[in-house]
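Step one of this worksheet: look at the structure below.
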Amino acid sequence: MTAEYKVHGSVAVITLANPPVNGLGLSTRQGIVDGLTRANDDAAVTSIVITGAGGAFSGGADIKEFGTDKSLQEPNLHSVIAAVENSPKPVVAAIHSVCMGGGLELALGCHYRIAAPGCSVALPEVKLGILPGAGGTQRLPRVVGVEAALNMIVSGEPVKSELLGSMPGQKLFDKMAASPEALAAEALAFAQSVADVRPMPLVRNLPCKHPQGDAYFQFARNMVKGMSKNFPAPAKCVDAVEAATKKKFADGLLFERELFINLMWTPESRSLRHLFLAERAASKIPDVPSDTPKRDIQAVAVIGAGTMGGGIAMNFLNAGIPVKMLEMKQEALDRGIATIRKNYEAQVKKGKLKQDKYEQRMALLSTTLSYDDLKDADLVIEAVFEELGVKEAVFKQLDAVMKPGAILASNTSTLDVNKIANFTQRPQDVVGLHFFSPANVMKLLEVVRGDATAKDVLATVMAMAKKIRKTAVVSGVCDGFIGNRMIEQYGRQGGFLLDEGCTPEQVDKAMEKFGMAMGPFRMGDLAGNDIGWAIRKRRYTEKPDMKYSKTADLLCEKGRFGQKTGAGWYDYVPGKRDAIPNAEVVKMIEDHRASLGITPRKISDEEIVQRLVFSLVNEAAHILEEGIANKASDIDVVYIFGYGFPVHRGGPLNYANEVGLFNVVQAMNRFAKNPLDDAAFWKPAPLLAKLAAEGKAFN
Ligand code: 3HC
Ligand code: NAI
């Protein structure tokens, strides 16, 4: 049982005890009902308190139970709340720390609520693609008002208890405790004080109306429509709250239930739930236990104040960690600092950062031209030119000056982290920290684990990533790590599609309609086409049998490197990011196609999407099989947070699971028969072929 029962004088206390956040799983639900029965059967008990152990009242329904038999078994949350409402003795919710989703719905079913200040209160179900399914949409509007409730339900954002408690006319909390520490005693006293009050109040009996009725809900629908492209849940939240104002309580509850069940089965909700768990699972490394000791990171050094170095430094400054930047020349340092200032000033101008915060952050930044000044740093991140010789010189100097136990990291995007580690006498302290550009904005951090990287180094950088608000995923050492190794295949398919009859615009539009933040050609223009060109030139000698379309090379030969040169696959007006199709580029593609003797064919959006996305999937399967990624969900996290893969698709492997791996393999077999494509590539990776044959999915 994951709920405890104790009696304090005349008050029975039921304490939810299901770490980490007292999710309302089957055994906890059963525990609540049993506790209520015991309390009501005990003549010495006159009132009941429900509270939560540890750091939460309750984080809501147990997300890990969704989709399993346990989530359907009685007592379900509705039955638990009904048992609370029907209790002949008053039930008081003593709320602290976190009160979310089903946790808040449980509290709303209680006769009274007392809350500690500082508690995060939310109905966050919409973030999982569902809506509150245990009366939240019917009860919350009755205690905080229709508009405040709808805002909370549609956004899913937490609101602090003291703010809710101070809202005029609010009936959510009957009492605010003086402090979190005082909550337990105040809840007991409150429960005693209401023991004999009859009739007992119930939220369901309160009225629910909006003065503007239909007009308000129409307005709300329009707002939600604009904001929630690709997701059905927000509009259903509006329907449910409207029902609270128009239907009898019991009918509203049934209506909410039906919407909840329908949303639960949507692919969008499955994707969001997958991502919720995937993001958290990414921080866990199978052979690095969570209690692995971590090194202390109080001061950071960054080598190289260029595009990446500046952004990397900002992450630490934002988290209040001092940074020292090293460059070869003062001018480079000055340029780097000016860029950081410019970035912060833009945030101040937009009202996203307060002037004093900006100054505090800049005060944490210092510069140097001497390696001796870095010796006290706990972590140093190198972001110099992408040349092994340059990295060698840097790491040898770092090895000579850094204090023992300091972590030496490289931001290399393509080089072998094992080679870099072996430039030092302490390869166990070396790790790859592959930030994505712009490094102060992009959430993804690939942590590249070298052969010798120590476990405590990994544990430390994973914890540090959380501190600087990055989503970190561990990758083994290989060319391109997880993300760029996959994107290379995606880019190759993009090239073949041009050769066979597409325009860059057609491919980009198809992918953007699928939901990608940017199609492959707009992405190339943003990243710089010269980067891919350099990689291909290397490949032509390393892997002469690998097939590539030549169009991208022809484009680069014209100097069309993308946005930075004002011209790439598209044209760009200085200072703007709008991609303007260019007739000469289209002609260049057509001429090249003609020179290969290819008659263009009309290619459907469906084929474009399948070829590009399944190329990611096949490469991902190889990556998994080789142990470069620890788990399939890590790959989805990389693509969602680093490559603009649509959230409602849940990542490439979740998408492949949704399509069905059997169907994915069938499509690959079809693509392999296309003489203009690369048949060898489309041979399904053994892992994919096995899973598809067994009717299984990536997990
Ligand atoms: N059920 C099960 N586990 C949960 C959970 C939940 N509702 N919420 C969080 N957890 C787990 C996480 O998976 C993680 O587990 P792990 O340590 O094994 O990885 C652990 O709690 C800690 O989570 P975080 O890393 O997110 O910790 P934070 O302290 O940063 O945040 C939180 C805590 C604010 C509770 C955050 O986890 C959160 O927002 N959780 C989601 C809450 C939610 O969506 N609740 C609604 C559920 S749906 C529902 O209630 C349906 C109902 O209407 C019928
Ligand atoms: P950049 O050219 O903008 O900056 C590199 C900086 O390093 C320059 O300011 C240069 O003066 C400095 N530098 C060079 N040699 C040095 C040395 N020996 N000592 C001190 N400073 C030195 O390059 P960028 O784009 O910042 O790339 C840096 C690293 O980050 C590379 O390894 C690159 O592969 C990687 N990377 C780049 C990404 C990008 O999108 N630009 C994305 C992810 C990783």
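Observations, loosely collected:
- For the stretch 183-223, the spread of Cα positions along the three principal axes, ordered from largest to smallest, is 47, 25, 12 Å.
- Taking ARG113, ARG492, ARG670 and counting other C-beta atoms within 10 Å, the order from fewest to most: ARG670, ARG492, ARG113
- Computed over the stretch 489-603, the P(r) tail beyond 24 angstrom holds 21 percent of alpha carbon pairs.
- Listed from fewest to most Cβ neighbours within 10 Å, the set ASP553, ASP356 follows the order ASP356, ASP553.
- Ranked by the mean number of other Cβ atoms within 10 Å per residue, highest first, peptides 22-35, 337-350, 274-287 order as 22-35, 274-287, 337-350.
- Annotation: extensible slack from GLU584 through THR37 equals 189.1 nm (criterion: 0.36 nm per residue apart, minus Cα-Cα distance).
- Placed amide H near SER475: partners under 5 Å, 5+ positions off or other chain: VAL447, VAL448, ARG449
- Label-to-label distance, LYS171 versus LYS509, with points set 7 angstrom from Cα along the beta-carbon direction: 5.5 nm.
- Panel order for MET588, MET167, by other beta carbons found within 10 Å of each beta carbon, from fewest to most: MET167, MET588.
- Projected-area average for the stretch 172-275 over all orientations - Cα convex hull basis, square nanometres: 10.4
- Rounded to 10°, Cα long-axis angle of helix 455-467 versus longest principal axis of the chain: 70
- Seen against the Cα atoms of the chain and their longest principal axis, helix 661-672 is set at about 20 degrees.
- Förster radius 45 Å - calculated FRET efficiency between GLU625 and ALA17 (Cβ-Cβ, nearest 0.05): 0.65
- Base-10 log of normalised Debye intensity for the stretch 142-210 (one unit scatterer per alpha-carbon) at q = 0.15, 0.23 Å⁻¹: -0.64, -1.14
- Cα pair count fraction exceeding 14 Å, expressed as % - the stretch 622-699: 64
- Under the Karplus curve 6.51 cos²θ - 1.76 cosθ + 1.60, θ = phi - 60°, whole-Hz ³J(HN,Hα) for the stretch 211-216, x wherever Gly or Pro sits: x, 8, x, 3, 4, 5
- Applying 1/(1 + (r/R0)^6) with R0 = 30 Å to the Cβ-Cβ distance of ALA53 and LYS466 gives a FRET efficiency near 0.80.
- Cα-based reach from LYS403 at 16 Å (exclusive), listing lysines while leaving out same-chain residues under 8 positions away: LYS324, LYS375
- Calculated FRET efficiency for the pair LYS690/LYS352, C-beta based, R₀ 60 Å, to 0.05: 0.80
- Long pairs among LYS470/LYS509; LYS229/LYS342; LYS236/LYS350; LYS229/LYS354; LYS284/LYS696, criterion Cα-Cα beyond 26 Å: LYS470/LYS509; LYS229/LYS342; LYS236/LYS350; LYS229/LYS354
- Structural size metrics of the stretch 1-40, computed from C-alpha coordinates, are Rg and Dmax of 10.0, 30 Å.
- Kirkwood hydrodynamic radius of the chain, Cα pairs, Å: 28.3
- Using equal-weight Cα scatterers in the Debye expression, the normalised intensity of the stretch 3-264 in log10 at q = 0.10, 0.16, 0.17 Å⁻¹ is -0.45, -1.17, -1.32.
- Using only side-chain charges placed at the Cβ, +1 for Lys and Arg and -1 for Asp and Glu, the dipole size of the stretch 296-399 relative to its Cα centre rounds to 720 debye.
- Under the simplified labelling scheme, the GLU359-THR565 pair shows an inter-label distance of 4.5 nm, with each label point 7 Å from Cα along Cα→Cβ.
- Fraction in percent of alpha-carbon pairs per bin - 10 Å, the stretch 300-475: 10, 41, 37, 10, 1
- Alpha-carbon centroids, the stretch 228-269 and the stretch 72-97: separation in whole Å: 22
- Put simply, the amide H of LEU16, placed in the peptide plane, has neighbours under 5 Å in GLU4, THR51, GLY52, ALA53, leaving out anything fewer than 5 places away on its chain.
- Helix 330-349 axis, angle to the chain major axis (alpha carbon atoms, nearest 10°): 40
- Gap separating the Cα centres of the stretch 505-536 and the stretch 367-411, nearest whole Å: 34
- Listed by chain and number, the aspartates and glutamates whose alpha-carbon sits under 15 Å from that of LYS455, ignoring those within fewer than 8 places in the same chain, are ASP287, ASP291, ASP296, ASP429.
- Measuring nothing but how far apart in sequence close Cα pairs (under 8 Å, 6+ apart) lie, relative to its length, the chain scores a relative contact order of 9 percent.
- For the stretch 593-623 and the stretch 152-227, distance of Cα centres in Å: 53
- Alpha-carbon Debye profile of the stretch 483-693, log10 I(q)/I(0) at 0.14 Å⁻¹: -0.84
- For the stretch 564-660, the tally of Lys pairs with Cα-Cα distances below 27 Å comes to 4, considering only residues 8 or more apart or on different chains.
Each value in this text was obtained by applying a stated rule to the coordinates, not by laboratory testing. The structure displayed is predicted, hence computed values, not measured ones. Neighbour counts run over all protein chains shown; Cβ positions are idealised from the backbone, glycine included.
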